[in-house]
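Chemist: Here it is, the structure, as structure tokens.
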Protein chains: 2
Amino acid sequence: MTTFSEQHPGVAAEVPPATRGFRLNHTMLRVKDPAASLAFYSRVLGMRVLRKLDFPEMKFSLFFLARLEDGKHDVPQDVGERTAWTFQQEGILELTHNWGTEDQADFRYHDGNAQPQGFGHICFSVPDLQAASTWFDENGVEFVKRADQGKMKNVVFIKDPDGYWIEIVQADLLAQLGRPA
Amino acid sequence: MTTFSEQHPGVAAEVPPATRGFRLNHTMLRVKDPAASLAFYSRVLGMRVLRKLDFPEMKFSLFFLARLEDGKHDVPQDVGERTAWTFQQEGILELTHNWGTEDQADFRYHDGNAQPQGFGHICFSVPDLQAASTWFDENGVEFVKRADQGKMKNVVFIKDPDGYWIEIVQADLLAQLGRPA
């Protein structure tokens, strides 16, 4: 069976066998103040911390976060097993804390949307976009764009504590996205 | 049942019920030349293109890519259903093409690791790090760091066509990562 793909210039006709088992595990963002970021990602977006890894010699720590639905995940208690388990999942967010940035008043990471551009955003899918927007307002979250603003209706952008953009979508509202009107 | 989390400053004790069903769906990177990027992500990393969305009025296109293992995914044929399905998954990579950048000789996106820093990398987990490295060499992929280089052993970094860093890990080799020696 040929694994599904739309065909566009450059796209391989088949999945190369050498890539079997490859998995998009995580995205890494540097954060200025881990307490602020952990509060945001755990309280506002409901993520859990799978592992913190400390590298004292290089003066940084890594936090690996995931969305874990109740009862759906069997997270190992042993830290070594849990580290290995973490690297086998999809949809992990890695936050890197270079020690001391939280104490530098003017320190700020680059969001990738101002110049020079590159990385754009991460995106969370939610069951109810309106309810999620109300939840963000209740938590004092800064919006880049609300659902009824701009040309892309039903697409919300919020900011995390470092100013990284987070897109929020409700999948069933987007079936017509990118189709001729 | 309390959903698992390590406790660190800032981390919520419980998953807020308002976040039920939230899912980390995708990461978006801007790419200069979609044909080059699609060749890389489909041929070297085995990703498939779920949907291309065109926005002629704003002169950009979006490509949504996923790792699809044979027979494990029931991708809808209808484009509208497939768009909605795409936004319900985890581990999706969104590539944004602003039309015309591929024809500008000096055009280059920012990788987030040079200054100004922010976004760091995406990461693929692979079953066999050594076999994957051989595969990357066979495909002429540029390495940032090989498994035996630097302080982080058994962690590989390669570059995509825009210079974005991609970490490559083999989960079972990393159980001791970040633990005192």
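The values are calculated or read from the model by the stated rules, or taken from the named source; none is laboratory data. The model shown is predicted, which means the values in this text are computed figures rather than measured ones. Here the Cβ is made from the backbone with ideal geometry for all residues, glycine too, and neighbour counts use every protein chain on show. Accessible surface areas use protein heavy atoms only, side chains included; no ligands, DNA or RNA. Shrake-Rupley method; radii C 1.70, N 1.55, O 1.52, S 1.80 Å.
Chemist: How many residues, within region B:67-101, are over 19 Å from A:I168 (Cα atoms) and part of a helix (DSSP H, G or I)?
Modeler: 2
Chemist: Looking at (1) crowded, with 18+ Cβ neighbours inside 10 Å; (2) over 20 Å from B:I158 (Cβ atoms), find the lone condition where B:L129 falls short.
Modeler: The one condition B:L129 does not meet is (2).
Chemist: Scanning for something open to solvent by less than 30 Å² (accessible area, probe 1.4 Å), in contact with a Gly (Cβ under 6 Å, 6 or more places away or on another chain) and either within 24 Å of A:M47 (Cβ to Cβ) or not in a helix (DSSP H, G or I) (or both), does region B:54-66 turn up at least one residue?
Modeler: no
Chemist: Assuming B:D33 fulfils every condition listed in (1) open to solvent by less than 20 Å² (accessible area, probe 1.4 Å); (2) closer than 27 Å to B:I168 by Cα; (3) more than 7 Å from every other protein chain (Cβ to nearest Cβ) apart from one, which condition is it?
Modeler: Every listed condition holds for B:D33 apart from (1).
Chemist: Consider B:F87 against the criteria (1) at the interface with chain A (Cβ under 7 Å from one of its Cβ atoms); (2) in contact with a Ser or Thr (Cβ under 9 Å, 6 or more places away or on another chain); (3) free of Cβ contacts under 8 Å to residues at least 24 places away in the same chain: it satisfies all of them except one. Which criterion is unmet?
Modeler: (3)
Chemist: Go through (1) under 16 Å from A:M152 (Cβ atoms); (2) exposed (fewer than 15 other Cβ atoms within 10 Å of the Cβ); (3) within 7 Å of chain A (Cβ to nearest Cβ); (4) not β-branched (V, I, T) one by one and return the number of the condition B:E81 breaks.
Modeler: Exception for B:E81: condition (1).
Chemist: May I pose another question? Suppose the filter is touching a residue at least 40 places away in the same chain (Cβ under 8 Å), within 7 Å of chain B (Cβ to nearest Cβ), open to solvent by less than 30 Å² (accessible area, probe 1.4 Å) and within 23 Å of B:T27 (Cα to Cα); does A:L45 pass it?
Modeler: Numbers: touching a residue at least 40 places away in the same chain (Cβ under 8 Å): yes; within 7 Å of chain B (Cβ to nearest Cβ): yes; open to solvent by less than 30 Å² (accessible area, probe 1.4 Å): yes; within 23 Å of B:T27 (Cα to Cα): yes.
Against the criterion (touching a residue at least 40 places away in the same chain (Cβ under 8 Å), within 7 Å of chain B (Cβ to nearest Cβ), open to solvent by less than 30 Å² (accessible area, probe 1.4 Å) and within 23 Å of B:T27 (Cα to Cα)), A:L45 qualifies.
Chemist: Checking B:V75 against (1) in contact with a Gly (Cβ under 9 Å, 6 or more places away or on another chain); (2) among the aliphatic types (A, V, I, L, M); (3) facing chain A (nearest Cβ under 7 Å), only one condition comes out false. Which one?
Modeler: If we test B:V75 against (1) in contact with a Gly (Cβ under 9 Å, 6 or more places away or on another chain); (2) among the aliphatic types (A, V, I, L, M); (3) facing chain A (nearest Cβ under 7 Å), just (1) comes out false.
Chemist: Moving on. Going by the structure shown, is B:A39 part of a helix (DSSP H, G or I), facing another protein chain (nearest Cβ under 8 Å) and open to solvent by less than 20 Å² (accessible area, probe 1.4 Å)?
Modeler: no
Chemist: Restricting to region B:8-26, what's the tally of residues that are at the interface with chain A (Cβ under 7 Å from one of its Cβ atoms) and assigned to a helix (DSSP H, G or I)?
Modeler: The total comes to 2.
Chemist: So if I check each of B:G100, B:G163, which one is more than 10 Å from every other protein chain (Cβ to nearest Cβ) and not aliphatic (A, V, I, L, M)?
Modeler: Being more than 10 Å from every other protein chain (Cβ to nearest Cβ) and not aliphatic (A, V, I, L, M) holds for just one of B:G100, B:G163, which is B:G100.
Chemist: Still on this structure, please answer the following. Would you call A:V155 farther than 18 Å from A:L62 by Cα, among the hydrophobic types (A, V, I, L, M, F, W, C) and more than 9 Å from chain B (Cβ to nearest Cβ)?
Modeler: Criteria met by A:V155.
Residues checked against (1) assigned by TED's automatic domain parsing to the domain that holds A:E69; (2) within 24 Å of B:Q88 (Cα to Cα); (3) crowded, with 16+ Cβ neighbours inside 10 Å; (4) out of contact with any helix residue (DSSP H, G or I) (no Cβ under 6 Å at 6 or more places or on another chain):
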| position | (1), (2), (3), (4) |
| --- | --- |
| A:W99 | yes, no, no, yes |
| A:A114 | no, no, no, yes |
| A:I122 | no, yes, yes, yes |
| A:W135 | no, yes, yes, no |
| A:F143 | no, yes, no, yes |
| A:K153 | no, yes, no, yes |
| A:Y164 | no, yes, yes, yes |
| A:R179 | no, yes, no, yes |
